[in-house]
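The values are calculated or read from the model by the stated rules, or taken from the named source; none is laboratory data. All of these numbers come straight from a predicted model, not from anything done at the bench. A quick note on method: Cβ atoms are made from the backbone with ideal geometry, for glycine too, and the neighbour counts reach across all protein chains shown.
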Amino acid sequence: LRVIAATNRDLQKAVDQREFRLDLYHRLKVVELDIPPLRRRAEDIPLLIEHFISELTQDNKSRLEGFSAAALDLLQNYAWPGNVRELRNLIEYLVFLAPRALVEPEDFLPHLGIQPTRHLPVPTNKTPDQSERELIYFALLDLKREVAELRAAVERDASVMPSSTPPVAPRAVQPVGPEEPIYPVEDTPYHPADSQESAAIRIPENAAIEPLPTLKDREREAIEQALNRVGGNRRKAAAILGISTRTLYRKLKEYDLE
């Protein structure tokens with residue numbers, strides 16, 4: 001008889017506090033595997049999602065194929081208080097109720113207890129650090145969406161503008177009396193009100209457009225704010241940002257913040 005047991009408690013500490021039997025502890029502690037919580041294994045989330053989709057769609061006809069880059073990025077930054085079970089429940093929910101084949105963030109944020117139309121999350125059992133991290137991340141998502149919409153609008157306007165301004169035929173000024181000067185045709189002053197046609201305004205291709213902050217700028221700013229808040233403690237800053245300490249060190253090197 002072999003027993004496989006799982007727990008999210010520190011059994012050694014429970015034994016010391018006389019909350020768990022010592023003899024049972026030694027019976028169970030033969031081969032011990034320490035599996036970190038899902039929030040500390042963000043790189044495993046895409047693999048788990050792929051596995052759950054394959055498993056749950058095997059016997060069910062579902063349109064679900066996967067997640068957009070924005071949705072996958074959000075899932076990798078979510079705290080997952082329910083661990084792997086919460087992720088599986090979410091995938092099972094989307095297998096039956098996803099409105100599209102490629103899932104977007106707004107398709108599942110309410111299922112996680114997050115309001116998709118506002119920056120601030122709704123009241124949950126999350127810690128202040130988790131709520132602050134989600135606030136920063138949703139601000140980055142909104143910025144990315146606004147930049148994409150602005151770029152699409154500029155490209156759309158550029159495609160409908162004429163390549164050149166239509167010419168306006170010059171008109172000679174007819175004298176109305178001996179005191180009125182006569183202008184040559186080529187020197188006749190042009191008044192827009194006299195024209196029967198309105199000239200379209202063309203924006204030069206090299207016109208300067210004020211740049212918006214990039215996602216990297218926002219990410220760098222978020223890292224600096226987190227470090228300032230905890231007095232430069234990188235472990236605490238990584239916890240606030242919801243990333244591993246190793247990832248934070250890599251970002252510090254990338255943004256020359258060391």
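Taking into account only those residues within region 45-70 that are hydroxyl-bearing (Ser, Thr, Tyr) and modelled with pLDDT of 90 or more, which is farthest from the chain's Cα centre (by Cα)? I'd like the intermediate steps shown before the answer.
At the first step, the residues of region 45-70 found to be hydroxyl-bearing (Ser, Thr, Tyr) are 54, 57, 62, 68.
Filter again for modelled with pLDDT of 90 or more, leaving 54, 68.
On the way: Ser54: 26, Ser68: 10 Å.
Applying the filter and picking the extreme gives Ser54.
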Residues satisfying the stated conditions in region 1-38, i.e. of a type in the set (Phe, Trp, Tyr) and in a helix (DSSP H, G or I): Tyr25
Leu33 vs. criteria without any contact (Cβ under 8 Å) to a residue 40 or more places away in the chain and over 26 Å from Glu219 (Cα atoms): yes
One residue is enough: does region 86-103 have a residue meeting the conditions surrounded by 15 or more Cβ atoms within 10 Å (Cβ to Cβ) and at pLDDT below 80? no
Does Ala42 satisfy being surrounded by fewer than 14 Cβ atoms within 10 Å (Cβ to Cβ), closer than 30 Å to Glu219 by Cα, under 20 Å from the mean Cα position of the chain (by Cα) and not acidic (Asp, Glu)? no
